[in-house]
């Protein structure tokens, strides 16, 4: 009797090797060291565009977390202390990571932000390697990971713009491409859930980048369905049969997209429905007017590289080059693959089209498109035209490594014996890194506003006119406040800069008619005692119904007020909250109930869209866990799909 063959241990070059056992995957991560190194220097790059912003985003995030709010939405000290619903409309994922490093690992504010930048570099390289490896093999994956990591616009986001959310978005973009591609090729439950997690991660990281990327993702999925649907058609000779193949092939990515939307509904649903309650003119007018940020064609190839803020005109000190090595490798790869891999032509066409269109959208000649009724609205989500280079950079990364694809014609990577390191791979990897080596630098500076504190935050808002977003009821954007002055005075006197103990505007209260005293206060609530018609000699209060308390907080949905049955008591009546009618600040106004005296609690809470979004996310997560459990015990194979 012939002996049964025994399973051999997987070799390092075995196709389909898990990433954690793939030596080239770890080499790809190791070769990002040159991009990581600037963040390991002592000090912090305070002068970069958004470097201060993200430190103070984290500062505010942490302030609210310390008050027991696990999903912060309100930033209490923005707008000079009047507050702003920043994380209700801005993707919080990057700052959740930074908060974890700050709270549990003892990082400083600046150290936590730099660590997340480092994680974004490693994650983006690893994600691109995984995607391209699944398509073109390990060597192509390594080269694509390096092209993606060292692409000039990616480095611009890291070192010059210092945009944490967009830098972290570079991780999710190739993950979405990878997981959705696998869903179409192999519609299995784990890939469907992975696609949903990738899309949800991008949504929670940058609700702006996801708008720029989703058209490419949708087009790519349609192309993949076009490629794979004929093999699943019930009858390729009839329209109903071919349509059935399309539907069957498209169900997987559709389920993945819906799962991603469900998982991230906790963020995008209130963001979408409550966005109208903030002043969006501050995002798109003045120095943020998109008309001042179109590029000239030569800038895509200019070696100029500087720091500072992008300026209108051809003499912009900031560089927006595509990168000679990245562009050359992408062009050569497309020409080579188009000729030798005919089955790749549809996918190649999608990426070439996306890269070309997004690059052209940044240029002056196409500026009129930005004023078109529907298309212009979509384009303006980028805020700056050159932000569309995010998609261009993704395309350059994907295409740049295909020149090293192995196998013949249309063989799948799992059908081709893989090689490890080779001389062409090492030469091209060195070329990519050396071509961007002069760009690998940051400007380490001391903070102009002083150490991270409430006083430093107020100075930053005053001097840079940043973090001063206002809600829709604010008629005139404030340029200073009594709260900001209080923090600056404490700091200049050398005293500890501690938060204000009340947000009540005592200047708006007639002490002969109303006495108010704060008895509890934090970032998202305040409890006050009130006494109307005070008789100080008798120590008594008399009812009257024409008094109100004004809080130094911008009015915004989510703030609610209650009459309590005693100090720290239970709510007995919800009180109306009105935006301030007098003045220009649109602050919270609470009419005092005609009870003579009592306690009022003002608290920032979830609105119906936030509650619904939260429940959708929990239900989606629970459904995913249930499906995985069913699959684990074998019922999935038996009753749902045959794997």
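The values are calculated or read from the model by the stated rules, or taken from the named source; none is laboratory data. In this text, all values refer to a predicted model and were calculated from it rather than measured experimentally. FYI the Cβ positions are ideal-geometry reconstructions off the backbone, even for glycines, and counts take in every protein chain you see.
Regarding segment 343-360, can at least one residue be identified that is more than 30 Å from residue 185 (Cα to Cα) and assigned by TED's automatic domain parsing to the domain that holds residue 135? Yes, because at least one residue in segment 343-360 is more than 30 Å from residue 185 (Cα to Cα) and assigned by TED's automatic domain parsing to the domain that holds residue 135. Mind listing whichever residues of segment 305-315 are within 19 Å of residue 359 (Cα to Cα), touching a helix residue (DSSP H, G or I) at 6+ places or on another chain (Cβ under 7 Å) and surrounded by 13 or more Cβ atoms within 10 Å (Cβ to Cβ)? Once the filter is applied, which keeps residues that are within 19 Å of residue 359 (Cα to Cα), touching a helix residue (DSSP H, G or I) at 6+ places or on another chain (Cβ under 7 Å) and surrounded by 13 or more Cβ atoms within 10 Å (Cβ to Cβ), segment 305-315 yields only 305. The condition (being surrounded by fewer than 23 Cβ atoms within 10 Å (Cβ to Cβ) and on the phi < 0 side of the Ramachandran plot) is satisfied by just one residue among 362, 356, 392: 356.
Of 115, 169, 130, which residue is buried (at least 24 other Cβ atoms within 10 Å of the Cβ) and either modelled with pLDDT of 95 or more or assigned to a helix (DSSP H, G or I) (or both)? First the steps, then the outcome.
Details: 115 fails: buried (at least 24 other Cβ atoms within 10 Å of the Cβ); 130 fails: buried (at least 24 other Cβ atoms within 10 Å of the Cβ).
None of the others qualify; the one that does is 169.
Looking at segment 175-184, is at least one residue assigned to a helix (DSSP H, G or I), at pLDDT 95 or above and under 14 Å from residue 205 (Cα atoms)? Looking for residues that are assigned to a helix (DSSP H, G or I), at pLDDT 95 or above and under 14 Å from residue 205 (Cα atoms), one finds at least one in segment 175-184, hence yes.
Checked against the criteria, residue 121 does not count as under 25 Å from residue 484 (Cβ atoms) and in contact (Cβ under 8 Å) with a residue 12 or more places away in the chain. Among the candidates 276, 291, 287, the residue that is exposed (fewer than 13 other Cβ atoms within 10 Å of the Cβ) and under 21 Å from the mean Cα position of the chain (by Cα) is uniquely 276. Restricted to segment 319-435, the set of helices (runs of 4 or more DSSP H) holding at least 1 residues that are closer than 22 Å to residue 287 by Cα and modelled with pLDDT of 90 or more comprises 389-400.
Being in a loop (DSSP other than H, G, I, E, B), without any contact (Cβ under 8 Å) to a residue 40 or more places away in the chain, in contact with a helix residue (DSSP H, G or I) (Cβ under 7 Å, 6 or more places away or on another chain) and more than 16 Å from residue 162 (Cα to Cα) is not true of residue 61.
Restricting attention to segment 486-501, does a residue exist that is within 19 Å of residue 77 (Cα to Cα), in contact with a strand residue (DSSP E or B) (Cβ under 6 Å, 6 or more places away or on another chain) and not assigned by TED's automatic domain parsing to the domain that holds residue 277? Within segment 486-501, one or more residues are within 19 Å of residue 77 (Cα to Cα), in contact with a strand residue (DSSP E or B) (Cβ under 6 Å, 6 or more places away or on another chain) and not assigned by TED's automatic domain parsing to the domain that holds residue 277.
The residue pairs whose first member lies in segment 491-519 and is farther than 17 Å from residue 567 by Cα, whose second member is assigned to a helix (DSSP H, G or I), and whose beta carbons are closer than 6 Å, counting only pairs six or more residues apart or on different chains, are 491/455; 497/454; 497/455; 497/487; 497/490; 497/491; 500/483.
Every condition in (1) more than 30 Å from residue 143 (Cβ to Cβ); (2) at pLDDT 95 or above is met by residue 36 except one, and the failing one is (1).
Filtering 78, 104 for residues that are surrounded by fewer than 24 Cβ atoms within 10 Å (Cβ to Cβ) and out of contact with any helix residue (DSSP H, G or I) (no Cβ under 9 Å at 6 or more places or on another chain) leaves a single hit, 104. If you go through segment 439-481 and pick out every residue that is more than 22 Å from residue 280 (Cβ to Cβ) and assigned to a loop (DSSP other than H, G, I, E, B), you end up with 15.
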